[in-house]
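J.: My structure is below; once you've seen it, I'll send some questions.
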Amino acid sequence: MTEIIVVTSGKGGVGKTTTSASLSCGLARRGHKVAVIDFDVGLRNLDLIMGCERRVVYDFVNVVNGEAALKQALIKDKRFENLFILAASQTRDKDALTKEGVQKVLEDLAAEGFDYIVCDSPAGIEKGAFLAMYFADQAVVVVNPEVSSVRDSDRILGLLSSKTRRAENGERVKEHLLLTRYSPKRVETGEMLSIGDVEEILGLKTVGVIPESGDVLNASNKGEPVILETESDAAQAYDDAVARLLGDTRPMRFTQVEKKGFFSKIFGG
(Lines give C-alpha, C1' and ligand atoms only; values in the text may rest on other atoms or scores of the structure.)
Protein backbone atom coordinates (compact mmCIF):
# COMPACT_ATOMS: atom_id res chain seq x y z
CA MET A 1 0.00 0.00 0.00
CA THR A 2 1.24 3.45 -0.91
CA GLU A 3 1.41 5.84 2.05
CA ILE A 4 0.93 9.56 1.33
CA ILE A 5 2.68 11.91 3.77
CA VAL A 6 2.09 15.66 3.67
CA VAL A 7 4.74 17.97 5.16
CA THR A 8 2.83 21.08 6.19
CA SER A 9 2.80 24.16 8.43
CA GLY A 10 0.81 27.32 8.99
CA LYS A 11 3.77 29.67 8.78
CA GLY A 12 6.30 30.03 5.97
CA GLY A 13 10.03 29.65 6.45
CA VAL A 14 9.90 26.97 9.15
CA GLY A 15 11.75 24.28 7.18
CA LYS A 16 9.06 22.31 5.32
CA THR A 17 11.05 21.81 2.11
CA THR A 18 14.22 20.93 4.04
CA THR A 19 12.10 18.41 5.97
CA SER A 20 10.45 16.97 2.84
CA ALA A 21 13.85 16.47 1.19
CA SER A 22 15.42 14.87 4.28
CA LEU A 23 12.46 12.57 5.05
CA SER A 24 12.37 11.43 1.41
CA CYS A 25 16.09 10.64 1.39
CA GLY A 26 15.82 8.90 4.77
CA LEU A 27 12.99 6.67 3.55
CA ALA A 28 14.81 5.91 0.29
CA ARG A 29 18.02 5.10 2.17
CA ARG A 30 16.06 2.45 4.04
CA GLY A 31 15.10 0.79 0.76
CA HIS A 32 11.64 2.26 0.17
CA LYS A 33 10.56 3.53 -3.24
CA VAL A 34 9.78 7.22 -2.72
CA ALA A 35 8.38 10.12 -4.75
CA VAL A 36 8.54 13.67 -3.38
CA ILE A 37 6.27 16.30 -4.95
CA ASP A 38 6.63 20.09 -4.74
CA PHE A 39 3.13 21.60 -4.38
CA ASP A 40 4.43 25.19 -4.12
CA VAL A 41 3.37 26.26 -7.62
CA GLY A 42 4.90 29.59 -8.63
CA LEU A 43 7.88 29.41 -6.27
CA ARG A 44 9.57 25.98 -6.52
CA ASN A 45 12.41 25.25 -4.09
CA LEU A 46 12.43 21.48 -3.66
CA ASP A 47 14.50 20.88 -6.81
CA LEU A 48 17.18 23.28 -5.49
CA ILE A 49 17.49 21.49 -2.15
CA MET A 50 17.52 18.11 -3.94
CA GLY A 51 20.23 19.38 -6.31
CA CYS A 52 18.33 18.64 -9.51
CA GLU A 53 17.19 22.12 -10.63
CA ARG A 54 19.05 21.85 -13.97
CA ARG A 55 17.32 18.58 -14.78
CA VAL A 56 13.74 19.89 -14.64
CA VAL A 57 12.16 19.62 -18.09
CA TYR A 58 8.51 18.96 -17.23
CA ASP A 59 6.81 19.78 -13.94
CA PHE A 60 3.83 18.82 -11.77
CA VAL A 61 1.46 21.20 -13.60
CA ASN A 62 2.50 19.80 -17.01
CA VAL A 63 1.50 16.33 -15.79
CA VAL A 64 -1.79 17.51 -14.22
CA ASN A 65 -2.71 19.30 -17.49
CA GLY A 66 -1.79 16.31 -19.66
CA GLU A 67 1.10 18.19 -21.31
CA ALA A 68 3.62 15.54 -20.22
CA ALA A 69 3.55 11.95 -19.03
CA LEU A 70 4.36 11.30 -15.38
CA LYS A 71 7.47 9.31 -16.35
CA GLN A 72 8.74 12.29 -18.38
CA ALA A 73 8.42 14.64 -15.40
CA LEU A 74 9.79 12.42 -12.62
CA ILE A 75 13.46 13.15 -11.96
CA LYS A 76 15.50 10.22 -10.66
CA ASP A 77 17.74 11.20 -7.77
CA LYS A 78 21.46 10.70 -8.44
CA ARG A 79 22.13 9.35 -4.95
CA PHE A 80 19.24 6.87 -4.57
CA GLU A 81 17.84 5.00 -7.55
CA ASN A 82 14.55 4.45 -5.67
CA LEU A 83 13.93 8.21 -5.09
CA PHE A 84 12.15 10.47 -7.59
CA ILE A 85 11.35 14.20 -7.55
CA LEU A 86 8.38 15.93 -9.20
CA ALA A 87 9.12 19.67 -9.38
CA ALA A 88 6.60 22.50 -9.14
CA SER A 89 6.02 24.98 -11.96
CA GLN A 90 7.62 28.42 -11.60
CA THR A 91 5.52 30.03 -14.31
CA ARG A 92 1.94 29.10 -13.36
CA ASP A 93 -0.24 30.25 -10.49
CA LYS A 94 -1.69 28.14 -7.71
CA ASP A 95 -5.01 27.63 -9.54
CA ALA A 96 -3.20 25.46 -12.11
CA LEU A 97 -3.65 22.44 -9.82
CA THR A 98 -6.99 20.64 -9.61
CA LYS A 99 -8.19 18.04 -7.15
CA GLU A 100 -8.90 15.57 -10.00
CA GLY A 101 -5.49 16.17 -11.56
CA VAL A 102 -3.64 15.70 -8.26
CA GLN A 103 -5.64 12.55 -7.52
CA LYS A 104 -4.69 11.06 -10.90
CA VAL A 105 -0.98 11.76 -10.36
CA LEU A 106 -1.09 10.16 -6.90
CA GLU A 107 -2.99 7.13 -8.23
CA ASP A 108 -0.51 6.74 -11.10
CA LEU A 109 2.41 6.85 -8.63
CA ALA A 110 0.71 4.20 -6.50
CA ALA A 111 0.26 2.06 -9.61
CA GLU A 112 4.02 2.39 -10.26
CA GLY A 113 4.69 0.73 -6.90
CA PHE A 114 5.80 3.69 -4.82
CA ASP A 115 5.85 2.92 -1.10
CA TYR A 116 5.77 6.57 0.00
CA ILE A 117 4.68 9.81 -1.64
CA VAL A 118 5.89 12.89 0.24
CA CYS A 119 3.91 16.06 -0.53
CA ASP A 120 5.87 19.25 0.16
CA SER A 121 3.11 21.74 0.93
CA PRO A 122 3.23 25.51 0.57
CA ALA A 123 2.63 27.43 3.80
CA GLY A 124 -0.78 28.59 4.87
CA ILE A 125 -4.27 27.59 3.83
CA GLU A 126 -4.56 28.44 0.13
CA LYS A 127 -5.36 26.01 -2.68
CA GLY A 128 -1.91 24.39 -3.04
CA ALA A 129 -1.76 23.65 0.68
CA PHE A 130 -5.30 22.25 0.67
CA LEU A 131 -4.52 19.92 -2.26
CA ALA A 132 -1.23 18.80 -0.67
CA MET A 133 -3.05 17.67 2.47
CA TYR A 134 -6.36 16.46 1.00
CA PHE A 135 -5.22 12.94 0.03
CA ALA A 136 -2.76 12.46 2.93
CA ASP A 137 -2.64 9.40 5.17
CA GLN A 138 -0.12 11.04 7.50
CA ALA A 139 0.90 14.63 8.19
CA VAL A 140 4.20 15.94 9.49
CA VAL A 141 3.41 19.38 10.93
CA VAL A 142 6.61 21.45 10.95
CA VAL A 143 6.75 24.04 13.74
CA ASN A 144 9.33 26.46 15.09
CA PRO A 145 9.05 26.58 18.90
CA GLU A 146 7.66 30.12 18.98
CA VAL A 147 4.15 31.40 19.55
CA SER A 148 3.22 32.61 16.05
CA SER A 149 4.35 29.38 14.39
CA VAL A 150 2.45 27.26 16.93
CA ARG A 151 -0.71 29.33 16.59
CA ASP A 152 -0.68 29.10 12.77
CA SER A 153 -0.12 25.33 12.97
CA ASP A 154 -3.21 24.98 15.14
CA ARG A 155 -5.25 26.22 12.16
CA ILE A 156 -3.63 23.57 9.93
CA LEU A 157 -4.59 20.85 12.42
CA GLY A 158 -8.18 22.03 12.17
CA LEU A 159 -8.07 21.59 8.38
CA LEU A 160 -6.43 18.16 8.64
CA SER A 161 -9.26 16.99 10.88
CA SER A 162 -12.07 18.43 8.71
CA LYS A 163 -11.03 19.09 5.09
CA THR A 164 -9.23 15.91 4.01
CA ARG A 165 -10.46 12.80 2.24
CA ARG A 166 -9.91 10.78 5.41
CA ALA A 167 -11.96 13.27 7.43
CA GLU A 168 -14.79 13.01 4.90
CA ASN A 169 -14.71 9.22 5.39
CA GLY A 170 -14.88 9.55 9.18
CA GLU A 171 -11.17 8.71 9.62
CA ARG A 172 -8.20 10.71 10.83
CA VAL A 173 -4.98 11.71 9.18
CA LYS A 174 -2.18 10.49 11.47
CA GLU A 175 -0.50 13.67 12.65
CA HIS A 176 3.09 14.09 13.84
CA LEU A 177 4.84 17.16 15.25
CA LEU A 178 8.32 18.02 13.98
CA LEU A 179 10.12 20.87 15.74
CA THR A 180 12.81 22.72 13.80
CA ARG A 181 15.48 25.25 14.88
CA TYR A 182 15.26 24.02 18.46
CA SER A 183 17.72 25.56 20.91
CA PRO A 184 17.81 24.06 24.44
CA LYS A 185 19.74 27.13 25.65
CA ARG A 186 17.01 29.48 24.49
CA VAL A 187 14.36 27.23 26.03
CA GLU A 188 16.21 27.45 29.38
CA THR A 189 16.23 31.26 29.21
CA GLY A 190 12.54 31.39 28.31
CA GLU A 191 13.10 32.79 24.80
CA MET A 192 11.67 29.69 23.15
CA LEU A 193 8.83 27.27 23.89
CA SER A 194 9.82 23.83 25.16
CA ILE A 195 8.89 20.54 23.45
CA GLY A 196 6.34 19.91 26.22
CA ASP A 197 4.80 23.39 25.72
CA VAL A 198 4.27 22.85 22.00
CA GLU A 199 2.95 19.31 22.45
CA GLU A 200 0.47 20.53 25.04
CA ILE A 201 -0.79 23.45 22.91
CA LEU A 202 -1.19 21.40 19.72
CA GLY A 203 -2.09 18.05 21.28
CA LEU A 204 0.49 16.22 19.15
CA LYS A 205 3.36 13.84 19.86
CA THR A 206 6.79 14.85 18.60
CA VAL A 207 8.30 12.69 15.86
CA GLY A 208 11.51 14.73 15.65
CA VAL A 209 13.39 17.68 17.11
CA ILE A 210 15.86 19.31 14.71
CA PRO A 211 18.45 21.45 16.50
CA GLU A 212 19.26 24.98 15.37
CA SER A 213 22.24 24.45 13.07
CA GLY A 214 24.15 26.22 10.30
CA ASP A 215 24.50 22.81 8.64
CA VAL A 216 20.92 23.08 7.33
CA LEU A 217 21.63 26.25 5.33
CA ASN A 218 25.03 24.98 4.16
CA ALA A 219 23.49 21.74 2.90
CA SER A 220 20.68 23.60 1.09
CA ASN A 221 23.20 25.88 -0.64
CA LYS A 222 25.06 22.78 -1.87
CA GLY A 223 21.86 21.18 -3.21
CA GLU A 224 22.15 18.39 -0.68
CA PRO A 225 19.43 17.38 1.82
CA VAL A 226 20.91 17.90 5.29
CA ILE A 227 20.12 14.30 6.36
CA LEU A 228 23.03 13.19 4.13
CA GLU A 229 25.56 15.28 6.14
CA THR A 230 25.99 12.32 8.46
CA GLU A 231 28.26 14.04 11.03
CA SER A 232 25.75 16.83 11.56
CA ASP A 233 23.43 16.89 14.59
CA ALA A 234 20.59 18.02 12.29
CA ALA A 235 21.20 15.02 10.00
CA GLN A 236 21.11 12.59 12.89
CA ALA A 237 17.93 14.22 14.24
CA TYR A 238 16.22 13.85 10.84
CA ASP A 239 17.36 10.23 10.64
CA ASP A 240 15.81 9.63 14.08
CA ALA A 241 12.56 11.22 12.85
CA VAL A 242 12.45 8.89 9.83
CA ALA A 243 13.00 5.89 12.12
CA ARG A 244 10.13 7.00 14.38
CA LEU A 245 7.82 7.53 11.37
CA LEU A 246 8.51 3.91 10.48
CA GLY A 247 7.59 2.77 13.99
CA ASP A 248 11.01 2.49 15.64
CA THR A 249 11.59 3.76 19.17
CA ARG A 250 14.50 6.16 19.53
CA PRO A 251 15.47 8.49 22.38
CA MET A 252 15.00 12.20 21.66
CA ARG A 253 18.49 13.68 21.18
CA PHE A 254 19.74 17.29 21.04
CA THR A 255 17.05 18.50 23.43
CA GLN A 256 19.17 19.26 26.50
CA VAL A 257 21.84 21.89 27.11
CA GLU A 258 25.21 20.11 27.00
CA LYS A 259 26.82 20.23 30.42
CA LYS A 260 30.49 21.17 30.34
CA GLY A 261 32.91 18.57 31.64
CA PHE A 262 35.36 19.24 34.47
CA PHE A 263 38.37 20.00 32.24
CA SER A 264 36.46 22.17 29.80
CA LYS A 265 35.26 24.28 32.78
CA ILE A 266 38.86 24.75 33.90
CA PHE A 267 40.41 25.35 30.48
CA GLY A 268 37.42 27.09 28.85
CA GLY A 269 36.95 24.40 26.16
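J.: Give the lysines reachable from LYS33 as a straight Cα distance under 21 Å; neighbours fewer than 8 places away on the same chain don't count.
T.: Straight-line reach from LYS33, under 21 Å: LYS16, LYS71, LYS76, LYS78, LYS104, LYS174.
J.: When N is the residue count of the chain, what does its C-alpha Rg come to as a fraction of 2.2 N^0.38 Å?
T.: Cα Rg divided by the expected 2.2 N^0.38 Å: 1.01.
J.: So what is the accessible area of the chain per residue, in Å², with the probe set to 1.4 Å?
T.: 47 Å²
J.: Using a 1.4 angstrom probe on heavy atoms only, work out the carbon and sulfur share of the accessible area of the chain in %.
T.: 48 percent
J.: On to the next question. To the nearest 500 deg cm²/dmol, what mean residue ellipticity at 222 nm is calculated for the chain from DSSP H runs of n ≥ 4 alone, each contributing -39,500 (n - 2.57), summed and divided by the residues?
T.: Values: 13 runs with 106 residues, N = 269.
Helix contribution divided over all residues of the chain: -10500 deg cm²/dmol.
The values are calculated or read from the model by the stated rules, or taken from the named source; none is laboratory data. Values in this document were obtained by computation on a predicted structure and should not be read as measured data. The protein model used for the area step is the full one, side chains on, heavy atoms only, and it has no ligands, DNA or RNA in it. Shrake-Rupley method; radii C 1.70, N 1.55, O 1.52, S 1.80 Å.
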